[in-house]
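Asker: Okay, handing you the structure first.
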Amino acid sequence: MVAKDGFVNVYTKGIIIKGKYKIDETISFSIFDTFRNINEIPEAFSDNVKESIKQKIKLVQKERKERGVNGN
C-alpha cells in the first residue's frame, strides 16, 4: 500500500556495481500508485502478472476506491 498522498519515498542501503567495483551506497526511490484501473493493465504482461495486479487492485479498493497499487 502506498501513502495517502499516492506515493512513498524509500531510503535503503544498497550496492552499486560499476564494472569491477562494488560501492556501498544509500539508495532512494519513490513508489507511486501505478495501477488504479483493471482495464488499463498492459496486455503485454503475462497472465499471472495481470491476475496478481487485478487481485491487489480489488483488495486495496475495498477500503479506498480512489487508490491503486504500485508497479513493483
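Asker: Cβ contacts < 8 Å: first residue within 30 Å of Arg64 (Cβ to Cβ) and outside any loop (DSSP other than H, G, I, E, B), restricted to the range 1-23; second residue charged (D, E, K, R) and at pLDDT below 85, any location; separation 6+ or different chain. Result?
Answerer: Pairs found: Phe7/Asp33.
Asker: Here is a check on your reading of the model: is Ile31 in contact with a Phe, Trp or Tyr (Cβ under 7 Å, 6 or more places away or on another chain) and at pLDDT below 85?
Answerer: yes
Asker: Test Asn72 against the stated conditions and say whether it is modelled with pLDDT of 85 or more and outside any strand (DSSP E or B).
Answerer: On the way: modelled with pLDDT of 85 or more: no; outside any strand (DSSP E or B): yes.
Here the answer is no, as Asn72 does not meet what is asked.
The values are calculated or read from the model by the stated rules, or taken from the named source; none is laboratory data. Note that the structure is predicted; figures quoted are calculated from it, not measured. Here the Cβ is made from the backbone with ideal geometry for all residues, glycine too, and neighbour counts use every protein chain on show.
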